[in-house]
Amino acid sequence: MKKYVPTALILFGVFFVMSCASAPTTAHIPAVERIDFDLFEAPWYEIARIPIPIASDWVGTTDTYVRQEDGSWIVLYEGYKGDFDGKKGVLTQKLKLVEGDRQGEMKARPFPFIWMPYRIIYWNSENRTMLVTSGSMDYLWIMARDSVLPQAVYNELVEESGRLGFDIARLQIVPQREHGGEM
């Protein structure tokens, strides 16, 4: 069974790249100019998402950004399949800044030899939230440093997502355990 896992990941990668290529682009949405990297380099809770095929049924999902010596990050995407008692899954990717004046414009390598856009299009240090997308309008993540957001903050992020042109009807709220604050 294990010998089929790399093949399945490669096939998923090809599918993922092809789906991004056919969907409307996010090029019209500017990435944020500045990021507080001290706040960024830590665990973030996935509050809501436009589901991705590989982890659409995961709950308790987080992204943890770990700075590397070369200035890039390793991103650990972790969650539980089905419910909090489900099998824990971990996806790892590399993340790097793109040359230019916008720190929110990045590239991610979720699969060997495949670099894809990773774009932070909204950043709020005060309420510790961000909106992340790829190069496609089919992908959006509402992220926060707290596991549960006040309803007004969540509504503001959904409204901003809609204003940017995302189909907010496709957003899926991700169940989280209540942690409040740092993990």
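Only the coordinates and a few stated rules stand behind these numbers; no lab work does. Model, not experiment: these values are computed from the prediction. Cβ: placed from backbone, ideal geometry, glycine included. Neighbour counts: every protein chain shown.
Observations on the model:
- Rounded to the nearest 20 debye, the dipole magnitude of the chain is 800 debye, with +1 charges on Lys and Arg beta carbons, -1 on Asp and Glu beta carbons, and the Cα centre as origin.
- CD proxy at 222 nm, helix term only [per DSSP H run n ≥ 4: -39500 (n - 2.57); per residue of the chain; nearest 500]: -6000 deg cm²/dmol
- Expressed in units of 2.2 N^0.38 Å, where N is the residue count, the Cα radius of gyration of region 24-66 is 1.45.
- Note on D70 and E41: with the Förster distance fixed at 22 Å, the Cβ-Cβ geometry gives a FRET efficiency of about 0.95.
- Most mobile listed residue (I47, I29, I120) in the chain, GNM with C-alpha springs under 10 Å: I29
- Ordered by the count of other Cβ atoms within 10 Å of each Cβ, fewest first, R67, R163, R109, R128 give R163, R67, R109, R128.
- Which of Y65, Y122 has the fewest Cβ neighbours within 10 Å, and the rest in rising order: Y65, Y122
- Fraction of C-alpha pairs exceeding 21 angstrom in the chain: 49 percent, rounded to a whole number.
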